[in-house]
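The next block holds one structure in the form of structure tokens; read it before the comments.
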Amino acid sequence: MTRLTRPIGVKVVSILFYLHGAIEIAGAVMLLVVPPDLLAATGFPFEKSISLALLSLISGAFRLFIGYAVWRMRKWGVVLGVIFSVTTIIGAPQFLPFGIMDTLIAMVILVLLLVAWLGPETFTQKG
């Protein structure tokens with residue numbers, strides 16, 4: 001049985017997905033643990049925190065799943081990673097100031113996934 005060696009870009013992408021997923025899950029837990037009156041003092045209504053925590057929990061779990069698929073070097077994991085990164089880049093600015101971190105991480109992941117998928121080859125001119 002031959003062992004596949006993971007390119008460094010794949011390792012970095014997978015670790016970034018794991019890290020981003022863990023941050024999102026921790027954020028969801030914190031939103032559920034913070035007392036409602038403290039949330040109200042910050043101007044964030046408690047009713048919105050439950051739906052945002054649920055969205056963050058699902059998103060974090062999905063990022064962990066994608067990170068595992070990329071670590072196992074599955075092509076469908078790369079495709080899901082590209083789709084989820086593009087979705088994050090489009091949707092994250094709605095959640096400022098937290099969306100800045102999401103956007104930056106998603107942009108790095110997207111570039112590394114595309115390089116891993118398409119390869120570092122250069123274009124050649126025919127003629």
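The values are calculated or read from the model by the stated rules, or taken from the named source; none is laboratory data. These numbers come from a predicted model, not from an experiment. Cβ: placed from backbone, ideal geometry, glycine included. Neighbour counts: every protein chain shown.
Listed values, structure above:
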{"read-out": "Any hit, the range 29-37, residues being part of a helix (DSSP H, G or I), modelled with pLDDT of 85 or more and within 17 Å of the chain's Cα centre (by Cα)", "value": "no"}
{"read-out": "Residue list for the range 58-74, restricted to those being more than 11 Å from the chain's Cα centre (by Cα) and closer than 12 Å to Ile15 by Cβ", "value": "Tyr68, Val70, Trp71"}
{"read-out": "Qualifying residue in the range 2-23 (condition: in contact with a helix residue (DSSP H, G or I) (Cβ under 9 Å, 6 or more places away or on another chain), part of a loop (DSSP other than H, G, I, E, B) and of a type in the set (D, E, K, R))", "value": "yes"}
{"read-out": "Search result, residues across the range 38-86 that are farther than 30 Å from Arg6 by Cα, among the polar types (S, T, N, Q) and surrounded by 15 or more Cβ atoms within 10 Å (Cβ to Cβ)", "value": "Ser49"}
{"read-out": "Test: residue in the range 66-79 that is in a helix (DSSP H, G or I), within 17 Å of Ala92 (Cβ to Cβ) and either of a type in the set (Ser, Thr, Tyr) or in contact (Cβ under 8 Å) with a residue 12 or more places away in the chain (or both)", "value": "yes"}
